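The values are calculated or read from the model by the stated rules, or taken from the named source; none is laboratory data. Remember, it's a predicted structure, so these values are computed and weren't measured experimentally. Here the Cβ positions follow ideal geometry from the backbone for every residue, glycine too, while neighbour counts run over all protein chains shown. The area values use the complete protein model at the heavy-atom level, side chains included, leaving out ligands, DNA and RNA. Shrake-Rupley method; radii C 1.70, N 1.55, O 1.52, S 1.80 Å.
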Amino acid sequence: MSDAQPKSMDEIMALCKRRGFVYPASEIYGGINGFWDYGPLGAQLKKNLRDAWWRDVVMMGCDGLDGPDGEAVEIVPLDSCIIQNPKVWEASGHVGGFNDPMVDCRESKSRYRADHLMCMGKKGDKGGQIYAFIENDDASFDAALKKLSKYVKQDLAKGDIDLCPLTDLSLEELAITVGPDTKTVGTLTEPRAFNLMFKTFVGATSAQTDENAAYLRPETAQGIFIHFKNVVDTTRVSVPFGIAQTGKSFRNEVTPRNFTFRSREFEQMEIEFFCHPDDAKQWYVFWRDWRMQWWKDIGLGGENLILREHGSDELAHYAKDGAGTSDIEYRFPFTAPGYGELEGIAHRTDFDLRQHQEHSKKKMEYHDKTRGELAKNGQPKGEWYLPHVIEPSAGLDRGVLAILCEAFTPDPERASGVYMKFHPRVAPIKAAVFPLVKKDGMPELARPLFKELRARFGHLGTIEYDEKQSIGKRYARMDEAGCPFCFTIDSETLSEGTVTVRHRDTLDQERIAIGGVGDFLGEKLGV
Ligand code: GAP
C-alpha cells in the first residue's frame, strides 16, 4: 500500500481489539471516553518500547553516542510520584495556565476544542452565515461546504470561501455561526478556558476543600525539576547530565479522540537534560537529531516520520526567542496527509528551575567547579548558575500507536489478510515454536526447543508454543500478532535434525539445524 493511501484506522482498531493489543477501558460497563487498556500483546509491545527507550537513554547514555563535548552522555533515572504538593503545579504554571479553550453546542450538547474548529463563510460576504467544522477532518469540511452552498444557493468550491479559526471570530460572528453537528445558527457558546488537570483530595477527611486538594500530574517533567538538587547532592553527576523518567500522566482533555492518540491517561518518557546556558544550543541539536534517529531505528523510518522545527510564533511560554523547539511527527492514518506529534524536543531555558527556586525559596543554582576565572593556583574559581534544560519529551502511547499503524500491512495473499511488520526489537512475540502435528514425536522435540528459547530470550518478549489447529492457521495468527520468526518441527526434524524457519515479512522458509535455532534467533534479535 502506498504512503499516499492512508491505512484504514477502523481496520487497525479492529485488529487491535481482535488480537488483544488495545481494549476500551471499562468496556463491559460501556467504556469511558479517553481511557484505553492494553491487552496481552499490547502490554508487551508497550513494555518493549519503554524498555528500548530506558536501555538506550538511561543505561547506555544515548546508546553509547558521545555528546557534543566529546564525552559520554550521562543520564540517571528517577521515579517520582503522580501526586505532589499542589505548589509544584502553581510554580510550574499548570494551575494558572494549563488551559484549553472550550466551546459547547447548546443544541447538540457536543463539546469542542475552540482551537480545533475552523470556520468558513462566503468570500467577502460580511454578515453572512458562517459554518464551523472540525479542523483536519475532510468529512466535516465537505459537510460544512455543502451546508454553506445550500445557504447561499450556489455551488461553492474551496477558493470561494474565507477560512479562519473559531478563536478569531468576534461575538457578532459567533452569533451567526452554525456548529459542526447542528443546523441552527448561534448555538455555540463563547470559548472559555478549561483547566486540564485532574483534581483529587488527599487524606481521610470528609471536607473536600482547597486545603486538601491535589492534582494528578499532567506531565512527568516537574517531578524531575523538583529533585534536581537532590540528584546533584546525592550522586556523582555533574552538569551536563540528564534525569529521565517514564510514567503515567493525566490530562482531562476536552476532546479525547483518534484512538489512544489523545487520551486522558497516558504514559510519557521524558528526559530533562541540564547544561550550561552557553552550551544549550549544541545540546539541543544533539538531542533533536539523536531522538529522530532513535524513532527511525525502532522501525518508524520512511516518509511517515518527519522532524518539524517550530516557527517563532509557536514558541512555548518558557522558551525565549532563539531557544529551539521541534517536534518529531508521524503521519497517522487519521492525520494524513498531515502529521501528529510523537515527541517534542524543547530548549526550556532555566524557566522551570527558576520558577521552583522562586516559589520554594530553595536555591536551585549549580556550582560548576570547572568554570569561572582562574585563581592564583591556576585552578578555576568555579561558577554558580541555573542550568538550562533541553527536554526530549515522548509519548509512550503515541509511540505504540505509531508503531501499530506503521506495522499494519494489508496483504490479500495471506490467510490472515494482514500482517504486523514490527521491528523484531519491539515485537511482542519474538518467536513461535510449532510441532507440525501433535503426534509422531514432534511435540517431544518442540517443547524442549520452546523452553530453551524462552529461557534465553523470554526477558525480551513472548516465546509462543502452539500445537492446536492447522499450521496455516497458526502462521496466520502469528502474522496478525507480528511474530517475526516461526520454527516448525516436522518429519525432517526427526530424520535430519533440522527445523523450518518461516520469515514473517518475506514468507521465505529455510531449514536450519535444531541445535542452531537459539543462535539464529539471538543474531536476529541483536542480542
Ligand atoms: N513536559 C513537556 C510535555 O509534557 P507535551 O508536548 O505536552 O510536553 C509530551 O507532551 C508528549 O506527551 C507529546 O509529544 C505526546 O506524545 C504525549 N502526550 C501529550 N498529551 C497526550 C495525550 N493527551 N494523550 C497521549 N499522549 C499525549
The size of the Cβ-based charge dipole (Lys, Arg +1; Asp, Glu -1) of segment 420-525 about the Cα centre, to the nearest 20 debye, is 420 debye
Here the relative contact order (percent) of the chain, from C-alpha pairs under 8 Å and at least 6 apart, is 13 percent
Rounded to the nearest 500, the 222 nm mean residue ellipticity computed for the chain from DSSP H runs (n ≥ 4, each -39500 (n - 2.57)) alone is -8000 deg cm²/dmol
With all protein chains in place and a 1.4 Å probe, Val237 shows an accessible area in Å² (nearest 10) of 10 Å²
Taking Cα atoms only, Rg over Rh for segment 369-527 with Rh from the Kirkwood formula is 1.32
Of every hundred units of 1.4 Å-probe accessible area on segment 99-194, the number belonging to carbon and sulfur atoms, as a percent, is 50 percent
Per residue, accessible area of the chain with a 1.4 Å probe, heavy atoms of protein chains only, in Å², comes to 47 Å²
Excluding residues fewer than 8 positions from Lys146 in its own chain, the lysines with Cα under 18 Å of it are Lys122, Lys123, Lys158, Lys183
Note on segment 124-222: C-alpha Rg/Rh, Kirkwood Rh, two decimals, gives 1.23
Of the accessible area of segment 294-408, computed with a 1.4 Å probe and all protein chains kept, carbon and sulfur make up a percent value of 48 percent
Note on segment 99-194: contact order normalised by length, alpha-carbon pairs under 8 Å, 6 or more apart, percent, works out to 37 percent
Taking Cα atoms only, Rg over Rh for segment 1-160 with Rh from the Kirkwood formula is 1.10
Expressed in µm² per second, the diffusion coefficient of the chain from the Stokes-Einstein equation, with Rh the Kirkwood radius over alpha carbon pairs, at 10 °C and 1.306 mPa s, is 60 µm²/s
Measuring from its Cα centre, the chain shows a charge dipole (+1 at each Lys and Arg Cβ, -1 at each Asp and Glu Cβ) which, in debye to the nearest 20, is 1220 debye
Rounded to whole angstrom, the alpha-carbon centroid of segment 60-118 lies from that of segment 7-39 at a distance of 25 Å
For Lys381, counting only lysines whose alpha-carbon sits under 20 Å away and dropping same-chain residues fewer than eight positions off, the answer is Lys363, Lys369
